[in-house]
């Protein structure tokens, strides 16, 4: 093969491509020729109902009335572990988007998000943000790279109709994992529906397993100085997997359909096929806007803990970050939008009430339990002004709402979180797929894998 | 770019089939032979013996039943379930409309899921990839077969060499190339160009076209030359009109490949408003109720099936050029 | 005859007329498209396999580190094993079916068109749609589509996609359904060319139907059978769509294929820590393996078409 030939062909091709391609690049002009800054922002999830989309568009229109020099284009977008990396590499993310608490540090380390520290610190409430929540938005350099929102604690979601049919009291959800197991069996036996289900894919199997381990007092990694040690194979994880195993194989209350991720388990639950599952406390919003759940069937309980001093609810949330490709003007505009769309409604009464009104008009859920981003007093004030507009069945969430401040909120594993979750997915899958799965040895292997990942970083 | 790689190395046998049958009049002859002249392993004599006649009929009927259940069955089930309420499909998947049909599903799927838009996207991508493939294959085939410059053989070898590298293996570097085009430094991501242009790099098309042009009657081309026809006129007025059969076959498979492609549009068209059906449907499966979703699947399936039934001669004569031989 | 063979013959004297510049104009689309979307990415694969880069930070040369890293990845043996298992299953179940179908169909006097159209129908269903449809069939609940049918004869319920033992056969079953029709057409095309005189001659020699199939039909198909076999192996080495859409490699990596592993290296990190070096290194190893198979294929087709 001749090298000169290749080079010649490549050069020819490149020259010719110039003329063809400049035509394409001009169409994606995001500039500010008329003095306006244009930003694209995460608007709604794929499959969201028309009313949800209309509501987001309405809020964007309102925002542009007060921010004359900004043009906001909301887009359909959802953070998904399987599509996000290609979008990140391709630079096709919206100007502003949400990532899980767990990923900010990694993205910062790889220069994938914009430094908006100054813009954020200039916001009036910057100093009041809950330090533990704000920590998730910081890079290792201590700067703030995004605004937290949608702070949640994982809870136990259950189907009240199935509880009733199984002869259980829908107002008395389980408070221990033995209760969960017994109730799941009752649902399975009496209704034929799946008593309990868990996510298994897209790192979410690991996320929920970690939640269960936390509830039983375990931790997935420990830190001393800069060094992280994997402790995936702790007793609590083993116990959690033990519950899953007995529900799957002894009680058969976890049915054969086990390939669930966040979206499909929501879908199955909303269709009344699942008795109980664990997910974020704010998932009810998605169940309404995407899956059209019947509100009467829905119940939310605090995650059952076992009383050990370390046991608690896994908490997390989203960080609203700005694309590294954004110009400084776009970064400013994006922060203004995030402030407007996600955060100020939590601290500013007039904003909060106005927002509730918009949501109410389009019948969007109001009053779904979230966790305080600021202090408890601010949160309580927000709850008070929201009260007249609440349209979610809060009475069916009593167990969670009373438990949320007594339970310890435990943050997700700090280092390589998604990779750790990814390493746990196969473990959950194996226990569900293989009757004779050896939990101890599976966890031992997973622990070694996680340690390898931690050592590399 | 089609990830349906198996079509690529199939050139030899298939180019032979197409090139061989496509010459003037030859295609009609071949088809004629395919349909009537050809004969199987049983003779008149065999078939007159009752035992053989019955055995043969039994085997043939068994195959027909097998095909009806195996090949058509799943599609019939889809057609049935697409217009059945979700609960009926979940509770009695094999009953036929226990509580009546729900024809509104089709409309809901089309309207609420905006299938129309994704359908148009699919058409745009199919048409654009087809155009790119046609332009590259016909001009290259013409230059390599008729004009034959000195470096032609080398270039042809370079083209054929790419057949050894399956397109899927190039996924990552191809993605990075499209992300930041050499020299021009523009990104084609989220533009249809990202779907059109790489489709053109099909060595299979170039080879099949060149083979076909090689077999065109020399006298006509020479006569045109003597009449003073330039390169371009000869290409347009002589070579292309004579190539209709092979253009048809390549077109059908170009369109079908674009219709079927999944992973490439998945990564280069992250913007939902630009995605084709094959990429959009998996995303919608998470959030759409089962009956509506099945209706969406039915709509997306019926279009290529109709296309196939209309152009079946090209498909079947092409000898399963595209035949993903995986199974 | 093969394509790579130099063209010689009656048109050689036209060469006097050829204009090098004119040819270049016609070759421009080819040079452009192949240059940008085939040759350049191929070169880039080779270059990147010796580098580490995530696109944002500058690339470093790392020698053979990527290859070392890939080859020591505990998931690689799993992926290779699964890919081979898929190929084996596809061979055992998927390979004979189209052959038998084509042989029976070649003996049809009437309705052959109906049979062919039926057999080919699944091939035109978009693969993503086929997988999504079969995902519904594979519902593991006793009330799932396939499990209902199996229930009639007292089998099941089968955990189609949820068990490490069943998942691969399930994927192969769907892949066979989706692809068999294409192979049938190839065999049929070959069978049509069996000279009727051979059957007549065999019959004169007193051969029965089975002997005719064995001594006339099968020998005639031998070449094409070898080709479809190699093509199938090359095709199955690149299985992606089924494991990606059905199971994402699960449960417990039991349907993780080589291509899915490459995809995960490149597009599997949510923090921008993509490993394009590892992805291209493994791509290169896969390409080398496939190139060897393609060479065998070209050898075989050459000797087959020469004979």
Just one of (1) within 7 Å of chain B (Cβ to nearest Cβ); (2) over 27 Å from residue A:202 (Cβ atoms) trips up residue C:191, so point out which. (1)
Among the helices (runs of 4 or more DSSP H) contained in segment B:1-106, which hold 3 or more residues that are modelled with pLDDT of 50 or more and surrounded by fewer than 20 Cβ atoms within 10 Å (Cβ to Cβ)? B:44-48, B:50-67, B:73-82, B:86-91
Qualifying positions in segment B:214-243 - on the phi > 0 side of the Ramachandran plot and in contact (Cβ under 8 Å) with a residue 12 or more places away in the chain: none
Quick check, is residue A:410 under 25 Å from residue A:199 (Cα atoms) and assigned to a helix (DSSP H, G or I)? no
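Within segment B:107-122, count every residue that is within 11 Å of chain C (Cβ to nearest Cβ) and surrounded by fewer than 14 Cβ atoms within 10 Å (Cβ to Cβ).
First, pick out the residues of segment B:107-122 that are within 11 Å of chain C (Cβ to nearest Cβ): B:122.
Within this subset, residues satisfying the condition of being surrounded by fewer than 14 Cβ atoms within 10 Å (Cβ to Cβ) are none.
Number of matching residues: 0.
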All positions within segment C:195-224 that are within 8 Å of another protein chain (Cβ to nearest Cβ) and in contact (Cβ under 8 Å) with a residue 40 or more places away in the chain: C:213, C:217, C:224
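Listed residues C:70, C:124, C:100; which is touching a helix residue (DSSP H, G or I) at 6+ places or on another chain (Cβ under 9 Å), modelled with pLDDT of 90 or more and within 11 Å of chain B (Cβ to nearest Cβ)? Spell out the reasoning first.
Working: C:70 fails: within 11 Å of chain B (Cβ to nearest Cβ); C:124 fails: modelled with pLDDT of 90 or more.
None of the others qualify; the one that does is C:100.
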Any residue at all in segment A:206-219 that is in contact with a strand residue (DSSP E or B) (Cβ under 8 Å, 6 or more places away or on another chain), surrounded by 24 or more Cβ atoms within 10 Å (Cβ to Cβ) and not in a helix (DSSP H, G or I)? no
Residue ID - nearest to the chain's Cα centre (by Cα), chosen from residues in segment C:104-121 that are modelled with pLDDT under 90 and more than 28 Å from residue B:302 (Cβ to Cβ): C:106
Need the failing condition index for residue B:290 against (1) in contact with a helix residue (DSSP H, G or I) (Cβ under 6 Å, 6 or more places away or on another chain); (2) surrounded by 22 or more Cβ atoms within 10 Å (Cβ to Cβ); (3) more than 15 Å from residue B:117 (Cα to Cα), just the number. (2)
Condition first: in a loop (DSSP other than H, G, I, E, B), facing another protein chain (nearest Cβ under 9 Å), modelled with pLDDT under 90 and closer than 30 Å to residue B:223 by Cβ. Can you find one or more residues in segment C:13-21 that meet it? yes
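A quick yes/no check of all residues on (1) outside any strand (DSSP E or B); (2) without any contact (Cβ under 8 Å) to a residue 60 or more places away in the chain; (3) over 30 Å from residue C:274 (Cα atoms):
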residue	(1), (2), (3)
A:75	no, yes, no
A:86	yes, yes, no
A:89	yes, yes, no
A:123	yes, no, yes
A:127	yes, yes, yes
For residues in segment A:91-121 being closer than 26 Å to residue A:314 by Cα, in contact with a helix residue (DSSP H, G or I) (Cβ under 7 Å, 6 or more places away or on another chain) and part of a helix (DSSP H, G or I), which is nearest to the other protein chains (Cβ to nearest Cβ)? A:103
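Condition (residue is closer than 22 Å to residue B:253 by Cβ, within 10 Å of chain B (Cβ to nearest Cβ) and not in a loop (DSSP other than H, G, I, E, B)) applied to segment C:83-90: is it met by at least one residue?
Of segment C:83-90, the ones closer than 22 Å to residue B:253 by Cβ are none.
Scanning segment C:83-90, I find no residue that is closer than 22 Å to residue B:253 by Cβ, within 10 Å of chain B (Cβ to nearest Cβ) and not in a loop (DSSP other than H, G, I, E, B), so the answer is no.
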Out of the residues in segment B:270-287 that are out of contact with any strand residue (DSSP E or B) (no Cβ under 8 Å at 6 or more places or on another chain), within 21 Å of residue A:90 (Cα to Cα) and part of a loop (DSSP other than H, G, I, E, B), state the one that is nearest to the other protein chains (Cβ to nearest Cβ). B:270
Do the conditions hold for residue C:66, that is, is it in contact with a strand residue (DSSP E or B) (Cβ under 9 Å, 6 or more places away or on another chain), surrounded by 23 or more Cβ atoms within 10 Å (Cβ to Cβ) and in a helix (DSSP H, G or I)? yes
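Could you tell me whether any residue of segment A:104-112 is within 30 Å of residue C:263 (Cα to Cα), surrounded by fewer than 17 Cβ atoms within 10 Å (Cβ to Cβ) and in contact (Cβ under 8 Å) with a residue 60 or more places away in the chain?
Keep residues of segment A:104-112 that are within 30 Å of residue C:263 (Cα to Cα), which gives A:104-112.
Now drop any that are not surrounded by fewer than 17 Cβ atoms within 10 Å (Cβ to Cβ), which leaves A:109, A:111.
In the following step, the residues that additionally are in contact (Cβ under 8 Å) with a residue 60 or more places away in the chain were identified as A:111.
Yes: segment A:104-112 contains one or more residues that are within 30 Å of residue C:263 (Cα to Cα), surrounded by fewer than 17 Cβ atoms within 10 Å (Cβ to Cβ) and in contact (Cβ under 8 Å) with a residue 60 or more places away in the chain.
So which of B:269, B:297 ends up being touching a helix residue (DSSP H, G or I) at 6+ places or on another chain (Cβ under 7 Å), crowded, with 22+ Cβ neighbours inside 10 Å and either farther than 29 Å from residue B:83 by Cα or at pLDDT below 85 (or both)?
Values: B:297 fails: either farther than 29 Å from residue B:83 by Cα or at pLDDT below 85 (or both).
Among B:269, B:297, only B:269 is touching a helix residue (DSSP H, G or I) at 6+ places or on another chain (Cβ under 7 Å), crowded, with 22+ Cβ neighbours inside 10 Å and either farther than 29 Å from residue B:83 by Cα or at pLDDT below 85 (or both).
Please find, among C:54, C:66, the residue that is in contact (Cβ under 8 Å) with a residue 24 or more places away in the chain and more than 24 Å from residue C:290 (Cβ to Cβ). Steps first, answer last, please.
Working: C:66 fails: more than 24 Å from residue C:290 (Cβ to Cβ).
The match here is C:54.
So, restricting to helices (runs of 4 or more DSSP H) that lie completely within segment B:147-243, which ones have at least 2 residues that are modelled with pLDDT under 85, within 26 Å of residue C:282 (Cα to Cα) and within 13 Å of chain A (Cβ to nearest Cβ)?
Details: elements: B:152-161, B:171-179, B:193-199, B:203-214, B:218-226.
The qualifying helices (runs of 4 or more DSSP H) are B:171-179.
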For segment C:236-254, which residues satisfy the criterion of being without any contact (Cβ under 8 Å) to a residue 60 or more places away in the chain and within 14 Å of the chain's Cα centre (by Cα)? C:238, C:240
If we keep just the residues of segment C:161-182 that are modelled with pLDDT under 90 and over 22 Å from residue B:263 (Cα atoms), which is surrounded by the fewest Cβ atoms within 10 Å (Cβ to Cβ)? C:165
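The values are calculated or read from the model by the stated rules, or taken from the named source; none is laboratory data. Computed from a prediction, not measured in an experiment: that's the story for all the values here. Here Cβ is always computed from backbone atoms with ideal geometry, including for glycine, and neighbour counts include all displayed protein chains.
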